[in-house]
Amino acid sequence: MKKILLITGLVISGFLYGNVTSAQVRVNVNVNIGSQPVWGPVGYDYAEYYYLPDADAYYYVPEHQYIYLDAGRWIFAPALPARYHYDPYRSYKVVINEPRPYLHPDVYRVKYAKYKGRYGQQRIIRDSRDERYYVVKGHPMNGRGNQKKYYGDDNNGNGKYKNKGYKDKGDKGHGHGHDRD
C-alpha cells in the first residue's frame, strides 16, 4: 500500500512540476522585448524574425543577425553588405514568428510586397514612449529607471507623465506588418 501511495504521489508531483515548467518556458519564450533592436517596430512583445521588404532579406532577432541571399546561399551576418543601402530606422519591417521563414522567400516577397518603399511609415522602438521598451539597449530612456511616473489619464484618454509634462499618444494603430496579415 505504501508503494502505491508513493508511486501515485511521485506521478502527481511529476505531472504538476511538468506543467509549471512548461508554463514558465512559454512565458520566457513569448517575450523578448529587450532583445529586439531599437529600430524594430513597436507593438510586439515577441519577434523572432523581421522580413525586410526593401532589402528582400531577414533579421533574426535572437542572434542579432541579418539573413540574405548571396549567389544562391543564405548568409548570416551582423550587417547587410553596403550594396543594399538599407536604413533599418526608416525602412518597413514585418514581424514573422515562424521557423526559418527565409526558406520560403517567395511566400514573403508576394505576401508583403505592399510594404516595400514605405519609408518612415512605421513607428520604431527608439521613438516609443511606451515604458516597456525602455529595456531595449539604445532606447533614449534605457537605464534611467522609473524617472517618468505615469499617473493617470486626462479626459481624452491620454496618459500624463510627471517630470516631462507631455501627453503620450501611445503606440496605438502602429502594429502593421505582422505575420497575420
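Before moving on, here are some points about what is shown:
- Among residues of region 64-118, those that are small (Gly, Ala, Ser) and touching a residue at least 12 places away in the same chain (Cβ under 8 Å), counted: 5
- Candidates PRO99, PRO88 - the one that is in contact with a Leu (Cβ under 8 Å, 6 or more places away or on another chain) and either assigned by TED's automatic domain parsing to the domain that holds VAL136 or part of a loop (DSSP other than H, G, I, E, B) (or both): PRO88
- Out of TYR133, TYR161, TYR108, one residue alone is over 23 Å from HIS85 (Cα atoms), at pLDDT 50 or above and crowded, with 16+ Cβ neighbours inside 10 Å. It is TYR133.
- Filtered residues of region 102-137 (kept if within 15 Å of TYR59 (Cβ to Cβ) and in a loop (DSSP other than H, G, I, E, B)): TYR112, GLN122, VAL136
- Residue check, LEU80 of a type outside the set (Gly, Ala, Ser), buried (at least 18 other Cβ atoms within 10 Å of the Cβ) and modelled with pLDDT of 95 or more: yes
- Residue check for GLY34: closer than 20 Å to SER128 by Cα and crowded, with 19+ Cβ neighbours inside 10 Å: no
The values are calculated or read from the model by the stated rules, or taken from the named source; none is laboratory data. On a predicted model such as this, the values are computed, not experimentally measured, just so you know. Quick reminder, even Gly has a Cβ in these numbers, built from the backbone with ideal geometry, and neighbours come from all protein chains shown.
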